[in-house]
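Every number in this text was worked out from the coordinates using simple rules, so none of it is lab data. Everything quoted here is computed from the prediction, not taken from an experiment. Cβ placement follows ideal geometry from the backbone for every residue including glycine, while neighbour counts extend to all protein chains displayed.
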Amino acid sequence: MRRLGSTRRRRRTSRVVAAGVACGAALAALTIAPAEARPQDHPAPHWALKDTGTPTVRYRGLSAVDRDTAWLAGTGGTVLRTTDGGATWRNVSPPGAAELQFRDVEAFDARRAVVLAIGEGEASRVYRTDDGGATWTESFRNTDPKAFYDCLAFFDRRHGLAMGDPVDGRFRILSTSDGGRSWTVLPGDGMPAALDGEAGFAASGQCLVTSGPRDAWLATGGGARARVLHSADRGRTWTAADTPLPAGDPARGVFALAFRDRVHGLAVGGDYRADQPSPQAAARTPDGGRSWTPAATPPPAYRSGAAWLPHSRTAALAVGPTGTDLTTDAGRTWRTIDTGSYDTVTCTADLSCWAAGEKGRVARLER
């Protein structure tokens with residue numbers, strides 16, 4: 001006999017999926033319908049700015065739990081948290097961290113989060129809180145002067161990875177199995193050799209992403225080819241694939257990845273210099289990152305962050321300093337829907353999308 005609880009879960013899932021489809025359809029309409037053609041009581045989806053009170057901070061680290069709770073990590077050792085949808089923000093920065101540059105944050109809920117500080121040598125650190133940022137524990141400090149860590153990603157509440165630039169010719173990977181309370185450097189023998197000049201970009205906290213219990217991907221740039229590396233065993237062994245994104249310069253490459261499952265992924269990037277063009281700034285993969293196809297109509301400029309819309313198989317957002325772009329065909333074509341400056345973007349299962357960037361800018365997508 002079917003249990004009532006199971007039936008309710010299925011009904012709720014159906015409602016959420018239907019809402020996700022509607023959200024994607026609303027965003028799609030935004031790209032083709034002029035403003036005067038939309039009903040006045042149905043405003044277009046748009047980024048609604050939330051005042052953080054931190055106009056000098058740049059937030060490249062963003063982790064949203066749901067439409068109410070989100071965490072930010074940025075310059076000056078700054079960490080903020082909201083639990084009311086961005087109406088108010090609490091400064092929960094770790095004590096003594098003002099000289100650090102936080103570039104990534106991974107939050108499990110309103111109380112538990114892990115943040116990454118980047119930099120050479122001991123500037124690369126990881127902190128964890130279990131009480132909403134009231135107290136922090138430093139769980140990792142890099143002691144190798146040649147190492148520089150860029151991004152964090154978790155498979156679940158216990159297992160996660162941190163990605164570092166190549167040391168002795170191979171990207172360095174940290175692993176945790178206790179929610180970020182302790183970290184271990186994984187052996188490098190399962191990592192392909194790095195290209196000359198190849199590294200990661202700590203631009204949005206999305207140069208390392210996961211999907212499911214074991215799959216991870218990392219993005220590279222700076223070398224002769226912009227590549228994506230994939231691991232199917234939580235970071236112990238990796239394979240590399242070339243992408244069509246701009247390469248051949250330290251300022252070019254893949255800056256962010258987004259996977260909606262184990263096989264369907266997006267890559268965005270380009271050349272981060274404002275005076276340089278970024279042709280082919282996006283690509284997609286239908287096979288878990290083994291091959292990448294350039295977007296037929298890519299974003300018009302460099303993009304540093306990407307996220308799939310909740311419960312959608314075809315809609316995703318890409319953000320960068322010159323705007324936000326939307327795809328409604330799984331990365332084949334992109335259209336600009338906003339010209340505000342953002343570095344990173346994320347969406348949650350309850351149909352919430354957030355973006356963050358320079359000058360304390362944080363916004364939530366509203367419709």
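Annotations
- Hydrodynamic radius (Kirkwood) for the chain, which is based on Cα pairs only, to one decimal in Å: 20.4
- Our summary gives region 111-165 a relative contact order of 30 percent, counting only alpha carbon pairs under 8 angstrom and 6 or more residues apart.
- Amide hydrogen neighbours beyond the local backbone of Ile337, cut-off 5 Å, H modeled: Thr324, Asp325, Leu326
- Computed FRET value (nearest 0.05) for Asp84 with Gln276, which takes r as the C-beta separation and R₀ as 35 Å: 0.30
- Fully extended contour minus Cα-Cα distance, from Thr297 to Asp178, at 0.36 nm per residue: 38.6 nm
- Projected area averaged over orientations for region 108-241, convex hull of C-alpha atoms, nm²: 7.5
- For region 4-366, averaging the sequence separation of C-alpha pairs within contact (under 8 Å, six or more residues apart) and dividing by the residue count gives a relative contact order of 15 percent.
- Other residues lying with their Cβ under 15 Å from the Cβ of Thr297 contribute a combined charge of +2, Lys and Arg counting +1, Asp and Glu -1.
- Applying D = kT/(6 pi eta Rh) to region 61-152, where Rh is the Kirkwood radius over alpha-carbon pairs, T corresponds to 10 °C and eta to 1.306 mPa s, the Stokes-Einstein value obtained is 123 µm²/s.
- Compactness of region 289-363 is given as radius of gyration and Dmax, 12.2, 37 Å, from Cα positions.
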